[in-house]
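Trainee: For reference, the structure I am asking about is given below.
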Amino acid sequence: MEQRHLGRTGLRVSRIGLGTLTWGRDTDEHDAADQLKAFWEAGGTLVDTADVYGGGDAEYLLGQLIERLVPRRDLVIATKAGSVLDPDRRFNTSRGHLLASLDDSLARLGTDYVDLWQVHAFDALTPLDETLQALDIAVSSGRARYAGVSNFCGWQLAKAATWQLASPGPRTRLASTQMEYSLLQRGVEREVLPAALDLGVGLLPSSPLGRGVLTGKYRHGTPSDSRGASEVLGPFVEPYLDETADGIVEAVLTAADGLATTALQVALAWVRDRPGVVAPIVGARNAQQLVAALSVEALTLPDEIRRALDDVSAPVHRYPDQDWSML
């Protein structure tokens, strides 16, 4: 699998990442092992997790598989901290909480360091410089090699990345930002992507298949074994089951027919090769699904198909995103 630099850093990662959102909850140890082995054998390196996935079980499960199944040195392990199970406070990115969470993550993963440590979301109740200081401490102490953020809007990302570049003293530049991005969700193109490109921050798209909808599996109802039928993830899928999404899915299926491939591969290839994108994070129910996604490595969309998909999924971006003199 092709490797790409993560932002303006020396870290190289596979251009498809393996997501572990369901590990330890819907994905058991056997299926997780099959996925990790298939991913590694395909040349994949970037494995993304978080301290709250499965209540910590995703990290623990990954830690059990490292070395026993795949050498630690062959993986780029990325995890997150800052999301908390507190109805009164969704996020806590205070220095104390983040660093304690990192230590807990390392214990569950059974490793001395993570390759990429990410702030899971912006916390309006914590000063941003305090949050960023936690990243500096994590890297300077060797517990993390690189640092990034997740779910930061445009101004939040620009402020954080600029702070790290401009503040005096040893600062850790932001290597990445993880955001939802697909043919069904192109909101990052308004401000996040321009900021990331300008500041040298690599984009790691989550839900690159539109929460599974872009595979076409929901065209004629909700399959009983799908995430849309899950009590936990059903509400996550439901917003993309509308007429707008239907039109985009049909365009993807038409492109897939013309290329003699699958809708999954077309949708994944589209987002993988967007400007600023480093590695879409793919979550699969089993190894068979994952292998189907990884086969996208052989596909590059023809320009005319890419432009057609751009047009059919184009979001409405007006003032101030466009040049005001053109309005």
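Trainee: Would you look at the GNM of the chain, springs on alpha carbons closer than 10 Å, and say which of V188, V282, V232 moves the most?
Mentor: Of V188, V282, V232, the most mobile in the Gaussian network model is V232.
Trainee: Say R0 is 51 Å: what FRET efficiency, to the nearest 0.05, do E41 and Y319 get from their beta-carbon distance?
Mentor: 0.55
Trainee: Using +1 at the C-beta of Lys and Arg and -1 at the C-beta of Asp and Glu, which of T27, L183, T162 has the Cα lying farthest in the positive direction of the dipole of the chain?
Mentor: Value computed over the given set: T162.
Trainee: Within segment 78-162, list the trypsin sites (Lys or Arg not before Pro) lying in a DSSP loop whose Cβ has at most 11 other Cβ atoms in a 10 Å radius.
Mentor: Numbers: sites: K80, R89, R90, R95, R108, R143, R145, K159; in loops: R89, R90, R143.
When the trypsin sites (Lys or Arg not before Pro) of segment 78-162 are filtered for loop state and at most 11 Cβ neighbours within 10 Å, R89 remain.
Trainee: Still on this structure, please answer the following. What FRET efficiency comes out for the pair D310/Q3, r = Cβ-Cβ distance, R0 = 25 Å, nearest 0.05? Each step should come with its number before you reach the end.
Mentor: Working: r = 26 Å, r/R0 = 1.05.
With R0 = 25 Å, the Cβ-Cβ based efficiency is 0.45.
Trainee: Per residue, how large is the accessible surface of the chain? Use a 1.4 angstrom probe and give square angstrom. Provide the component values of the computation, followed by the final result.
Mentor: Working: 14560 Å² over 327 residues.
Roughly 45 Å² per residue, with all protein chains present.
Trainee: Let me ask something else. Just one of (1) 35; (2) 16; (3) 45 is percent of Cα pairs over 36 Å apart as worked out from the coordinates here. Which one is it?
Mentor: (2)
Trainee: Assigning unit charges at the beta carbon (Lys, Arg +1; Asp, Glu -1) and nothing else, what dipole magnitude in debye, to the nearest 20, does segment 271-322 show about its Cα centre? Please report the intermediate quantities before stating the final value.
Mentor: Numbers: 6 positive and 7 negative charges, 43 e Å.
The calculated dipole for segment 271-322 is roughly 200 debye.
Trainee: So between D257 and E130, what do we pick up on full extension, going 0.36 nm a residue minus the alpha carbon distance?
Mentor: On the way: separation 127, 0.36 × 127 = 45.72 nm, distance 5.12 nm.
This chain segment gains 40.6 nm when fully extended.
Trainee: Going toward the positive end of the dipole of the chain, with +1 on Lys and Arg Cβ and -1 on Asp and Glu Cβ, which of L132, Q64, S101 do you reach last?
Mentor: Farthest along the dipole direction, towards plus: L132.
Trainee: Given only helices, namely DSSP H runs of n ≥ 4 each adding -39500 (n - 2.57), what is the per-residue ellipticity at 222 nm of the chain, to the nearest 500 deg cm²/dmol?
Mentor: Working: 11 runs with 120 residues, N = 327.
The helix contribution divided over the chain gives -11000 deg cm²/dmol.
Trainee: Mind putting a number on the dipole of segment 148-201 about its Cα centre? Charges go on the C-beta only, +1 for Lys and Arg and -1 for Asp and Glu, and I need it in Debye to the nearest 20.
Mentor: Numbers: 5 positive and 4 negative charges, 33 e Å.
Taking the Cα centre of segment 148-201 as origin, the dipole is about 160 debye.
Trainee: Measure off, as a whole percent, the carbon and sulfur share of the 1.4 Å-probe accessible area of the chain, all protein chains present. Before the final figure, lay out each step's value.
Mentor: Working: 7390 of 14560 Å².
Ligands and nucleic acids excluded, carbon and sulfur reach 51 percent.
Trainee: Now for a separate question. Of all DSSP beta bridges located in the chain, what percent are antiparallel, nearest 5?
Mentor: 15
Trainee: Provide the FRET efficiency to the nearest 0.05 for the D303-L165 pair, computing r from the beta carbons and using R0 = 35 Å. Write down the numbers at each step before the final one.
Mentor: Working: r = 35 Å, r/R0 = 0.99.
Here the calculated transfer efficiency is 0.50.
Trainee: Under a 10 Å cutoff between Cα atoms, tell me which one of A124, A267, A160 has the largest fluctuation in the Gaussian network model of the chain.
Mentor: Comparing A124, A267, A160 in the GNM, the peak value goes to A124.
The values are calculated or read from the model by the stated rules, or taken from the named source; none is laboratory data. Just so we're clear, the structure is a prediction, and the values are computed from it rather than from any experiment. Please note: Cβ atoms are built from the backbone with ideal geometry, for glycine as well, and neighbour counts cover all protein chains shown. Note: accessible area is taken over every heavy atom of the protein model, side chains too, but ligands, DNA and RNA are not part of it. Shrake-Rupley method; radii C 1.70, N 1.55, O 1.52, S 1.80 Å.
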